[in-house]
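Handing you this structure, nothing more for now.
The values are calculated or read from the model by the stated rules, or taken from the named source; none is laboratory data. Every value quoted in this text rests on a predicted model; they were computed, and no experiment measured them. As a convention, Cβ positions derive from the backbone with ideal geometry for all residues, glycine included, and neighbour counts pool all protein chains shown. These accessible areas exclude ligands, DNA and RNA; they are computed on the full protein's heavy atoms, side chains included. Shrake-Rupley method; radii C 1.70, N 1.55, O 1.52, S 1.80 Å.
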Amino acid sequence: INNGAESDTSGWATYADAAGTAPVDGTGGAPTVTWTRTTSSPLSLDASFLFTKDAANRQGEGASYDFTVNSADKAKVHTINFDYEVASGTYADGDLTVWIYDVTNAQLIQPSASSILNGIGPQQKQTLSFQTNSNSTSYRLIIHCASTSAVAYTVKFDNFQVSRQSVSQGTVVTDWVSYTPTLANLGTGSTAVNAARWRRVGDSMQIYFSATK
């Protein structure tokens, strides 16, 4: 897999499917978004991929990469990891989502933790999981413009990895979800909420909250 644009962007291609929150198959069409190689402040080593969307609604467009798994890895849970960073512009949680397409069965698969968030701080790590089918080794990784955002942004990507994992029977952990908290009894002066997110971890709720007074 061309996981970090160290030499080029070979294997990766942009596409334009029908407008929608989910892709059709992640290939073809006449896309406007671009997937290029950048050596400006790369996330790792000498270069990173750069996804660029202009100031227009590009829902249904994105970038994709075809890959195969071993026959021994059929009907197994796999993990996908990559690093990313919002490089410029105005990006909102879920503007981009990640999907898997089973080429053999023409089946779209939504992995866990598929929404790419506007991470707090610089470089972020995304970890997803999906299960391969029993009769296929051919898949497509898709990064999809899911929202109708009409503002421009660029996002860097690097260190893509696909690996087989054991099926976890442990604690349930859900995706982070943004929310708007209600603040009270904080004294005089205004308080600005920078970010607020929650998720389930087993039988508990985990909350991330940042505010400036």
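Return yes or no: is residue 84 surrounded by 20 or more Cβ atoms within 10 Å (Cβ to Cβ) and under 20 Å from residue 7 (Cα atoms)?
So residue 84 fits the description; yes.
Determine, yes or no, whether residue 75 is part of a loop (DSSP other than H, G, I, E, B) and of a type outside the set (S, T, N, Q).
It is true that residue 75 is part of a loop (DSSP other than H, G, I, E, B) and of a type outside the set (S, T, N, Q).
Could you identify the single residue in 90, 79, 137 that is among the polar types (S, T, N, Q), in contact with a strand residue (DSSP E or B) (Cβ under 7 Å, 6 or more places away or on another chain) and under 24 Å from residue 172 (Cα atoms)?
79
Working only within region 83-125, note down all residues that are of a type outside the set (A, V, I, L, M) and within 15 Å of residue 139 (Cβ to Cβ).
99, 101, 102, 104, 105, 107, 110, 111, 114
Something else: Can you name every residue in region 1-36 that is within 20 Å of residue 138 (Cβ to Cβ), assigned to a loop (DSSP other than H, G, I, E, B) and hydrophobic (A, V, I, L, M, F, W, C)?
Selection gives 1, 22, 24.
Results for (1) among the aliphatic types (A, V, I, L, M); (2) in contact with a Pro (Cβ under 7 Å, 6 or more places away or on another chain); (3) over 15 Å from residue 96 (Cβ atoms), shown as yes or no for each residue.
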{"residue": "5", "(1), (2), (3)": "yes, no, yes"}
{"residue": "9", "(1), (2), (3)": "no, no, yes"}
{"residue": "12", "(1), (2), (3)": "no, no, no"}
{"residue": "21", "(1), (2), (3)": "no, no, no"}
{"residue": "31", "(1), (2), (3)": "no, no, no"}
{"residue": "51", "(1), (2), (3)": "no, no, no"}
{"residue": "59", "(1), (2), (3)": "no, no, no"}
{"residue": "68", "(1), (2), (3)": "no, no, yes"}
{"residue": "79", "(1), (2), (3)": "no, no, yes"}
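For residues in region 200-210 being among the hydroxyl-bearing types (Ser, Thr, Tyr) and open to solvent by less than 90 Å² (accessible area, probe 1.4 Å), which is nearest to residue 119 (Cα to Cα)?
210
Moving on to the next point. With charged (D, E, K, R) and open to solvent by 40 Å² or more (accessible area, probe 1.4 Å) as the only criterion, which of 54, 17 stands out?
54
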